[in-house]
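Participant: Can you read through this structure? Questions will come right after.
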Amino acid sequence: MRRAPLASLLSILLLAALACNLPVQPGKPSPARQTLEAELFAMRQPTEAAATQAALTAQPAQPGLQTATPLPAGAPPPQLEALPAVGGTIGYLIQPGDTLAGLTGRFEVPPESISFPEGYTPDGLLPNGMQAQIPVTITDILPGGALLPDSEVIYSPTARDFDIVAEIQRAGGYLSTYSEAVGKNEPKEVLSGTEIVRRVALDTSINPRLLLALLDYHSGWFSGQPRGDPNYPLGFMNSDYSGLHGQLDLATRFLSVGYYGWRTGALTGLDFADGSSGRLDPRLNAGSIAVQRLFAQLYARAGWADALYGEKSFPEFYNTLFGDPWARASQVGEQFPSGLTQPEWALPFQPGEDWAFTGGPHLAWGVGSPPAALDFAPIGNQRGCYISDRWATAAAPGMVVRSERGMVILDLDGDGNEQTGWVLFYLHLATAGRAPAGTEAAQDAPLGHPSCEGGVSTGAHVHLARKYNGEWLGIDQPFAFVLSGWQVIPGLNAYQGKLVKDDQVVTAGRGTAESRIVR
């Protein structure tokens, strides 16, 4: 697994500790969380210049398991063949979401060594199903094939009609009667097991089917009565993450680190619970890597292989519980259609107002999510945490599909589902005046007042991120993030970066003249 320089990681983690908008509770991180943060930020781009340039321009599978040469539209993949010897070449079918940077990272080859069909120049998302010829430079990959399609790991169109409440009640297990006090501060909020699963799934955009299956596989909570220590239903024996909410929170972080790290090409190996390590198969899909990454935290290497590819494997358990995931994936189509680009959006405030670009690309939602969010704060006489009289506005026309805990989620495709198409995520909007769910918002319609609600914050602002088909889109992924003609250019570290429009440049900062922006 690639690592960032220690000094760089320390500086990034310090920025994170001082951040104004991370939706997590303050407190001393546990060793598990420190490891996750280090791995996440090791996935950043190597240099600011490279980021600016990019932005501007074998164990056999068991019978019945899906294995992995990637195919579009969630089709069940055929059996994987062994990689050729080093020095050979492999024909690789492009998967939805693949980029040139992702392939070069996963296969550990220079970009110019990958051959595409004559006349095609790789740019942005690579066309689904195209075959590329890639030289082989790695050996001794971990055994096993594909486990789940991407759409079964993220909260995608395959789960848009999944009724969490009804499914938990139907199963009738311990989870249906469970409740827990959630939060670091007093008084804590008491949530039912159903409410906890819903909250974690929506906040992290991880598929609730996967969360329920993991819970049932490890402890029987979904369909039966608890096995093992009820304080650790997913098996993470860490007192910082006890209880259902803590365990699901930690699980989604490991899943997200695996999923989004694979997307960028930064994650190439696994470290197992017994201290051993292994090289990932570069042909696998992001969803399968996410599951492999999570299970590596719970099992030694031999137990990991048995749990994922043995006679009583997790994928078979998942299929028994919820049906064929590959069939569901094929029904909703590709995660990213070939040629997908971001529509035209506006800056999230009214024309003519003075605002500050206070945060360049940083975590969309907690550790594990990609650097997908931007911060904007109204310029005025007040400082710190207050409720601004200014409005955060709709960057595009859409429907408010969720409005709670400082959040407004704006669905842009008109179907009323957060799991489909383009979605904009706003955070830190005050309860007073916040647009309720069901609101049909025209572009520039008021959505809420910037504040500190909804997470850790040192000043009133709005945090803006985007998703497509339930997947957080990092700024350094192939979709340029453009607002009112201003293109986002990532910096070296979290919260750094620029907005560029023609010959104008706005630099992220707090209260500096260089951060001022007027739409």
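The values are calculated or read from the model by the stated rules, or taken from the named source; none is laboratory data. Small disclaimer: the values here were computed from a predicted structure and weren't measured. Reconstructed Cβ throughout: ideal geometry from the backbone, glycine too, with neighbour counts over all protein chains shown.
Participant: Quick check, is D354 over 30 Å from A442 (Cα atoms) and of a type in the set (D, E)? Write out each step before concluding.
Facilitator: Working: over 30 Å from A442 (Cα atoms): no; of a type in the set (D, E): yes.
Judged against the criteria, D354 is not a match.
Participant: Inspect the range 113-121 for any residue being closer than 22 Å to I154 by Cα and not in a loop (DSSP other than H, G, I, E, B) and give the result as yes or no. Outline the logic, then answer.
Facilitator: Kept after step one, since they are closer than 22 Å to I154 by Cα, are these residues of the range 113-121: none.
So far as the range 113-121 goes, no, none of its residues is closer than 22 Å to I154 by Cα and not in a loop (DSSP other than H, G, I, E, B).
Participant: For the range 219-239, give me the residue count where each residue is part of a helix (DSSP H, G or I) and crowded, with 22+ Cβ neighbours inside 10 Å. Talk me through it step by step, then tell me what you get.
Facilitator: Filtering the range 219-239 down to residues part of a helix (DSSP H, G or I) leaves 219, 239.
Those still in the list that are crowded, with 22+ Cβ neighbours inside 10 Å too: 219.
So the answer is 1.
Participant: Another question, if that's okay. Taking the conditions exactly as written (at positive phi, outside the structural domain of L212 (by TED's automatic domain parsing) and buried (at least 21 other Cβ atoms within 10 Å of the Cβ)), does G144 satisfy them or not? Talk me through it step by step, then tell me what you get.
Facilitator: Values: at positive phi: yes; outside the structural domain of L212 (by TED's automatic domain parsing): yes; buried (at least 21 other Cβ atoms within 10 Å of the Cβ): yes.
Criteria met by G144.
Participant: Can you name the residue in the range 435-453 that is of a type outside the set (A, V, I, L, M, F, W, C) and under 26 Å from R160 (Cβ atoms) and, of all such residues, is surrounded by the most Cβ atoms within 10 Å (Cβ to Cβ)?
Facilitator: G448
Participant: Is the range 257-275 home to any residue that is part of a helix (DSSP H, G or I), modelled with pLDDT of 95 or more, over 21 Å from Y92 (Cβ atoms) and of a type in the set (G, A, S)?
Facilitator: No: the range 257-275 contains no residue that is part of a helix (DSSP H, G or I), modelled with pLDDT of 95 or more, over 21 Å from Y92 (Cβ atoms) and of a type in the set (G, A, S).
Participant: Looking at V462, V456, which one is crowded, with 18+ Cβ neighbours inside 10 Å and either assigned to a strand (DSSP E or B) or more than 19 Å from the chain's Cα centre (by Cα) (or both)?
Facilitator: Working: V456 fails: crowded, with 18+ Cβ neighbours inside 10 Å.
Criteria check complete, one pass: V462.
Participant: May I pose another question? Of the residues in the range 311-345, how many are among the hydroxyl-bearing types (S, T, Y) and either in a loop (DSSP other than H, G, I, E, B) or at pLDDT below 95 (or both)? Before the answer, list the steps.
Facilitator: To start, the set of residues in the range 311-345 that are among the hydroxyl-bearing types (S, T, Y) comprises 313, 318, 320, 330, 338, 341.
So of that shortlist, the ones also either in a loop (DSSP other than H, G, I, E, B) or at pLDDT below 95 (or both) come out as 313, 330, 338, 341.
Within the range 311-345, residues that are among the hydroxyl-bearing types (S, T, Y) and either in a loop (DSSP other than H, G, I, E, B) or at pLDDT below 95 (or both) number 4.
Participant: While we're looking at this one, here's another question. Could you check the range 122-150 and list, in sequence order, the residues that are outside any strand (DSSP E or B), of a type outside the set (D, E, K, R) and closer than 28 Å to R301 by Cβ? Working first, answer last.
Facilitator: Pass one, the range 122-150, residues outside any strand (DSSP E or B): 122-124, 126-130, 136-140, 142-150.
Those left that are additionally of a type outside the set (D, E, K, R): 122, 124, 126-130, 136-139, 142-149.
Hits for the range 122-150 are V136, T137, I138, T139, L142, P143, G144, G145, A146, L147, L148, P149.
Participant: Follow-up. Checking R383 against (1) within 22 Å of S151 (Cβ to Cβ); (2) of a type outside the set (V, I, T); (3) surrounded by fewer than 24 Cβ atoms within 10 Å (Cβ to Cβ); (4) not assigned by TED's automatic domain parsing to the domain that holds L248, which test does it fail?
Facilitator: Status for R383: all satisfied but (1).
Participant: Do we find a residue being buried (at least 21 other Cβ atoms within 10 Å of the Cβ) and more than 25 Å from P96 (Cα to Cα) anywhere in the range 304-314?
Facilitator: Yes, there is a match, as at least one residue in the range 304-314 is buried (at least 21 other Cβ atoms within 10 Å of the Cβ) and more than 25 Å from P96 (Cα to Cα).
Participant: I would also like to ask the following. Can you pull out the residues in the range 108-130 that are surrounded by 13 or more Cβ atoms within 10 Å (Cβ to Cβ) and polar (S, T, N, Q)? Quick ask: steps written out before the conclusion?
Facilitator: Step one: of the range 108-130, the residues surrounded by 13 or more Cβ atoms within 10 Å (Cβ to Cβ) are 108-109, 113-116, 122, 124-130.
Listed by number, the residues that qualify are S113, S115, N128.
Participant: Identify all residues within the range 398-434 that are more than 24 Å from the chain's Cα centre (by Cα), surrounded by fewer than 21 Cβ atoms within 10 Å (Cβ to Cβ) and on the phi < 0 side of the Ramachandran plot; write none if there are none.
Facilitator: Just the residues of the range 398-434 that are more than 24 Å from the chain's Cα centre (by Cα), to begin with: 430-434.
Okay, now just the ones that are also surrounded by fewer than 21 Cβ atoms within 10 Å (Cβ to Cβ), so 430-433.
If the condition is that a residue be more than 24 Å from the chain's Cα centre (by Cα), surrounded by fewer than 21 Cβ atoms within 10 Å (Cβ to Cβ) and on the phi < 0 side of the Ramachandran plot, then A430, T431, A432 are the ones that fit.
Participant: For residues in the range 92-102 being farther than 17 Å from T341 by Cβ and out of contact with any Gly (no Cβ under 7 Å at 6 or more places or on another chain), which is surrounded by the fewest Cβ atoms within 10 Å (Cβ to Cβ)?
Facilitator: Y92
Participant: Filter the range 181-218 for residues that are surrounded by fewer than 17 Cβ atoms within 10 Å (Cβ to Cβ) and out of contact with any Pro (no Cβ under 9 Å at 6 or more places or on another chain) and give the result.
Facilitator: Taking the range 181-218 and keeping what is surrounded by fewer than 17 Cβ atoms within 10 Å (Cβ to Cβ), we get 181, 183-190.
G183, N185, E186, P187, K188, E189, V190 - these are the residues of the range 181-218 that are surrounded by fewer than 17 Cβ atoms within 10 Å (Cβ to Cβ) and out of contact with any Pro (no Cβ under 9 Å at 6 or more places or on another chain).
Participant: Determine whether the range 267-279 contains at least one residue that is crowded, with 24+ Cβ neighbours inside 10 Å, more than 30 Å from R170 (Cα to Cα) and not assigned by TED's automatic domain parsing to the domain that holds P370. Walk me through it before giving the result.
Facilitator: Keep residues of the range 267-279 that are crowded, with 24+ Cβ neighbours inside 10 Å, which gives 267.
Applying the additional criterion that residues be more than 30 Å from R170 (Cα to Cα) yields 267.
Those still in the list that are not assigned by TED's automatic domain parsing to the domain that holds P370 too: 267.
The answer is yes; a qualifying residue exists.
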